[in-house]
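Below is one structure, written out as structure tokens; the observations come after it.
The values are calculated or read from the model by the stated rules, or taken from the named source; none is laboratory data. If you're wondering where the values come from, they're calculated on a predicted model, not measured in any experiment. For neighbour counting, all protein chains shown are included, and Cβ atoms are generated from backbone atoms with ideal geometry for every residue, glycine included.
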Amino acid sequence: METDITLRNALKSDTRFIYNLRFSDDCIKVSTTSNKPTYNQHCIYFNEHIDEYKVIMVNGKMSIGYIRTNKDNEISIALIKEYRNKGIGSLVLKKINGTATIKKDNLQSINAFEKAGFKLKYYIYEKSKTKNRKI
């Protein structure tokens, strides 16, 4: 794919784009958080955290995704469908340091992070809630 991929600081005008991408059905399915806020809730959050976001641009013209690094250096990344599985995610991730929590069945993200040089550091185990039973 002949493209020039760049990052730029997020702007308030990116609010709707990031909301629609981050809370699309396919992104929620692979995300570690599945709660979908209202658009107004997102606007408040985004305005408070706008400095954590970079917008991924193709050929300096079109927004195709975002990458976020929060105050704890936790990374999240999302690309629109047409630009997934093309090496763009790992290309962007090579420029970023931090950590990421990824669902074990999110193979696209696992592959992108590994290709960018990230290494598995922890396993996190979780048990679903069950009714209290006497032992």
Practice task
Determine the pairs where a residue that is more than 17 Å from residue 88 (Cβ to Cβ), located within the stretch 7-36, has a partner that is of a type in the set (D, E, K, R) with Cβ atoms under 7 Å apart, the partner being 6 or more residues away or on another chain.
Solution key: 9/54; 10/54; 23/36; 28/36; 32/103
Exercise for the section: Please enumerate the residues belonging to the stretch 69-110 that are among the basic types (Lys, Arg) and in contact with a strand residue (DSSP E or B) (Cβ under 8 Å, 6 or more places away or on another chain). Expected result: 95
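Kindly indicate the residue of the stretch 51-82 that is within 14 Å of the chain's Cα centre (by Cα) and more than 21 Å from residue 99 (Cβ to Cβ) and also surrounded by the fewest Cβ atoms within 10 Å (Cβ to Cβ) among those meeting that condition. Break it down into steps so the answer makes sense when it comes.
Filtering the stretch 51-82 for residues within 14 Å of the chain's Cα centre (by Cα) gives 52-56, 64-70, 73-81.
Filter once more, keeping what is more than 21 Å from residue 99 (Cβ to Cβ): 55, 64, 80-81.
On the way: 55: 19, 64: 22, 80: 17, 81: 11.
In this case the residue turns out to be 81.
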Practice task
Identify the single condition in (1) closer than 25 Å to residue 106 by Cα; (2) at pLDDT below 95 that residue 4 does not satisfy, given that it satisfies every other one.
Solution key: (1)
Exercise for the section: Might you let me know whether the stretch 107-129 holds any residue that is touching a residue at least 40 places away in the same chain (Cβ under 8 Å) and either of a type in the set (Val, Ile, Thr) or on the phi > 0 side of the Ramachandran plot (or both)? Expected result: no
Exercise for the section: Only residues that are among the aromatic types (Phe, Trp, Tyr) and not in a helix (DSSP H, G or I): list them for the stretch 20-71, please. Expected result: 23, 53, 66
Fill in the blank from the handout: Selection over the stretch 79-98 where residues are touching a residue at least 60 places away in the same chain (Cβ under 8 Å) and of a type in the set (A, V, I, L, M) yields a count of 3
Exercise for the section: Among the residues of the stretch 83-109, write down those that are among the aliphatic types (A, V, I, L, M), surrounded by 13 or more Cβ atoms within 10 Å (Cβ to Cβ) and in a helix (DSSP H, G or I). Expected result: 88, 91, 92, 93
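In the stretch 7-38, which residues are of a type in the set (Ser, Thr, Tyr), surrounded by fewer than 13 Cβ atoms within 10 Å (Cβ to Cβ) and farther than 24 Å from residue 106 by Cβ? Don't jump to the end; show me each part of the working.
First, the residues of the stretch 7-38 that are of a type in the set (Ser, Thr, Tyr): 13, 15, 19, 24, 31-34, 38.
Filter once more, keeping what is surrounded by fewer than 13 Cβ atoms within 10 Å (Cβ to Cβ): 13, 32-34, 38.
Scanning the stretch 7-38 gives 13, 38.
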